[in-house]
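Scroll down for the structure; my scribbles are underneath it.
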Amino acid sequence: MGGAVGAVPNQDEAHYTTIPNNTKSSWWRDPCLRWNMMHCIGLCGTLFFNGYDGSLMNSLQSINAWQEYFHHPNSNILGLMNSSGFLPGLIVCWIADIFAHYYGKRLTVWIGSGFAIVGALIIGLAQNTGMFIGGRAVMGIGVQGTLVVAPALLQEIAHPRYRSRLSGMYMSIYYFAAIISSSVCRGTHTLAGDKSWRIPALLQVVGPILTIMLTATCPESPRWLEKRGKSAEAKAILAKYHANGDENDELVVFEYRQIQEALLGEELNAQTKYTDYFKGAGNRHRLLIIVVVSLGTNWVGNGIVSYYLSPILNTLGITDSNQQLDINVGLQTWNLLCSTAAALAIDRAGRRLLWLTSTAGMLVCFSVVMALSAVYAQHGQHAVGTAVIPFLFLFFGFYDMAWTPLSYSYPVEILTFSMRTKGQAIFVFLQTLGMAVNTWVNPIAFNAITWKYYGVYLALISLVLVIIYFQFPETRNLTIEEIAVIFDGDRAFGGHGGEVMMGGVATTTIQHDGDLKKGENENVEQTSTASV
């Protein structure tokens, strides 16, 4: 794998994929899996209203009536309009973690969705710039709050056979929403008066409403219930949604025992505080990944295109409103197709291969975009400017291979239960901070130095690629409890070294890194057998 990356548990040994389970092979043919899938899709809806909002801000800049209503906002005001949707996350993320700790993840998702509904109404009914910015701030409270808990709850309730693909699809929903948003704007931009932008703005309420509807009967995290001493309820939920109510099902027994052992290990190791991220090589390793992925989601070149496509197209000589909206719709459709394909291939291709291929491909494409933009700026040849567009599509195709399906799922799955929402709070805080700075600075910097600004992102992509190569371990085909062994070794599973419980016997082979000191890769093989 290269460098000091943690080794992967032996895939030849028995694990959850070989354990008998009281479900049908296809989820659509099985009652409990259909409910499980519906709730997980509902949790993915938290990215639906995030994606709709992100694409909306891009599309509104191409609608003349919106520009006129808000007096053609300059780069500073435009940056504030964009970043106001993210700034609340700097505070809300910590509140969401605390609330989820005491009251559960499910209720936190519902409350966040409620804030998103109110924010959407304020935006759509805005009478001035201040009201528009205020509406985006309220929307941001809902969006950023749900992003802390929804990805974690999804992974904790999903059937293990579908966990990776569902969590990978979480970010793909963003583009599904973006297509709808950009298409609505394309269809309404010729309407007379304010309707051209108010209609798509008000339609933002659909996403959070659907989320609340689809998660109305969603179960609470079995891990949260077990942690709160509600063992019977925790096991009942696993049985109901993973085995059609059979509490003696071998997979249910396997999952429940893993949860017990993992929580015991966390209790023994006292992993309950934010400061624990600085204690031990495993948690420091996790923190590095969280920092890189959270900042990288918007600082690897995509941020400048995602929120400022219209200004970019203007610099390339493509100024027609219809053309800009058509390109936006096409780009979002392309993103959906690529990210969905990547999400479905996560377990076959593996996380590490996707991360490396994705980031290396982005580096090449962005280099070409910068070169073509420079030539167009110097010579003004329309054909050169047009040639940038396919490379922007290729850039996002590579971005969608890993940064879309793995940006939320990978950090969540490498975290232990007690540290999971805390890790997500750190993730959302850093992502929000990076996004707020990014969306505020980008229009100013891009307006000042145009294509030369791409050079900053080329340097950042190169740095991220090096970190991924040396520090991102493979985690495919493992339960979220088993992944802990890659980072913690013997400390995981209450000191049992990551043993996997199956029926009456626990047996597997786990390889893990030592303390990952000075780039050393000490693979220690552990085999354990114990009675359940």
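Here are a few things to note about the model shown:
- Sub-7 Å Cβ pairs linking a first residue in region 335-355 that is farther than 14 Å from Thr404 by Cα to a second residue that is in a helix (DSSP H, G or I), at least 6 apart or interchain, are Asp347/Ser164, ordered by first then second residue.
- Residues that are in a helix (DSSP H, G or I), more than 18 Å from Ala342 (Cβ to Cβ), aromatic (Phe, Trp, Tyr) and in contact with a Pro (Cβ under 8 Å, 6 or more places away or on another chain) do occur in region 425-434.
- In region 158-188, the residues that are surrounded by fewer than 21 Cβ atoms within 10 Å (Cβ to Cβ) and closer than 12 Å to Leu325 by Cβ: Ser183, Val184, Arg186, Gly187, Thr188
- Scanning region 104-147 for residues that are farther than 30 Å from Thr17 by Cβ and among the β-branched types (Val, Ile, Thr) turns up Thr108, Ile111, Ile117, Val118, Ile122, Ile123, Thr129, Ile133, Val138, Ile141, Val143, Thr146.
- The set of residues from region 61-88 being among the aliphatic types (A, V, I, L, M), at pLDDT 85 or above and either buried (at least 23 other Cβ atoms within 10 Å of the Cβ) or part of a loop (DSSP other than H, G, I, E, B) (or both) comprises just one member, Ile63.
- Filtered by the rule that a residue be among the hydrophobic types (A, V, I, L, M, F, W, C), within 26 Å of the chain's Cα centre (by Cα) and surrounded by fewer than 20 Cβ atoms within 10 Å (Cβ to Cβ), region 364-381 gives a lone residue, Val364.
- Pairing each residue of region 173-200 that is in contact (Cβ under 8 Å) with a residue 12 or more places away in the chain and closer than 18 Å to Gln67 by Cα with any residue that is among the aromatic types (Phe, Trp, Tyr) and crowded, with 19+ Cβ neighbours inside 10 Å, provided the two are 6+ apart or on different chains, yields C-beta distances under 6 Å for Ser181/Tyr52; Trp197/Trp66.
- With respect to (1) touching a helix residue (DSSP H, G or I) at 6+ places or on another chain (Cβ under 8 Å); (2) touching a residue at least 40 places away in the same chain (Cβ under 8 Å), the lone exception for Glu250 is condition (1).
- Where a residue in region 415-427 is of a type in the set (Gly, Ala, Ser) and its partner, wherever it lies, is outside any helix (DSSP H, G or I), with Cβ under 9 Å and at least six apart: Ser418/Gln271; Ser418/Thr272; Gly423/Ile414; Gly423/Leu415; Gly423/Thr416
- Subset of region 16-60 that is in contact (Cβ under 8 Å) with a residue 12 or more places away in the chain and outside any helix (DSSP H, G or I) - its residue that is surrounded by the most Cβ atoms within 10 Å (Cβ to Cβ): Asn21
- Identity of the residue in region 216-272, under 18 Å from Arg106 (Cα atoms) and touching a Lys or Arg at 6+ places or on another chain (Cβ under 6 Å), that ends up surrounded by the most Cβ atoms within 10 Å (Cβ to Cβ): Ser221
- The set of residues from region 106-148 being within 19 Å of Tyr170 (Cα to Cα), at pLDDT below 95 and of a type in the set (Val, Ile, Thr) comprises Val143, Thr146, Val148.
- Those residues of region 276-298 which are touching a residue at least 24 places away in the same chain (Cβ under 8 Å) and either outside any helix (DSSP H, G or I) or of a type in the set (Val, Ile, Thr) (or both), in sequence order: Gly280, Ile289, Ile290, Val291, Val292, Val293, Thr297
- Any hit, region 199-215, residues being crowded, with 23+ Cβ neighbours inside 10 Å, out of contact with any strand residue (DSSP E or B) (no Cβ under 7 Å at 6 or more places or on another chain), not acidic (Asp, Glu) and not in a helix (DSSP H, G or I): yes
- Trp224 vs. criteria assigned to a helix (DSSP H, G or I) and over 30 Å from Val329 (Cβ atoms): yes
For every residue, the table says whether it meets (1) buried (at least 22 other Cβ atoms within 10 Å of the Cβ); (2) modelled with pLDDT of 85 or more; (3) not β-branched (Val, Ile, Thr).
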residue	(1), (2), (3)
Phe395	yes, yes, yes
Met401	yes, yes, yes
Phe427	yes, yes, yes
Ala448	no, no, yes
Tyr453	no, no, yes
Leu458	no, yes, yes
Leu463	no, yes, yes
Gly495	no, no, yes
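- Flag if Gln526 is at pLDDT below 75, within 29 Å of the chain's Cα centre (by Cα) and not in a loop (DSSP other than H, G, I, E, B): no
The values are calculated or read from the model by the stated rules, or taken from the named source; none is laboratory data. What you are looking at is a predicted structure, and each value in this text was computed from that prediction instead of being measured. Quick reminder, even Gly has a Cβ in these numbers, built from the backbone with ideal geometry, and neighbours come from all protein chains shown.
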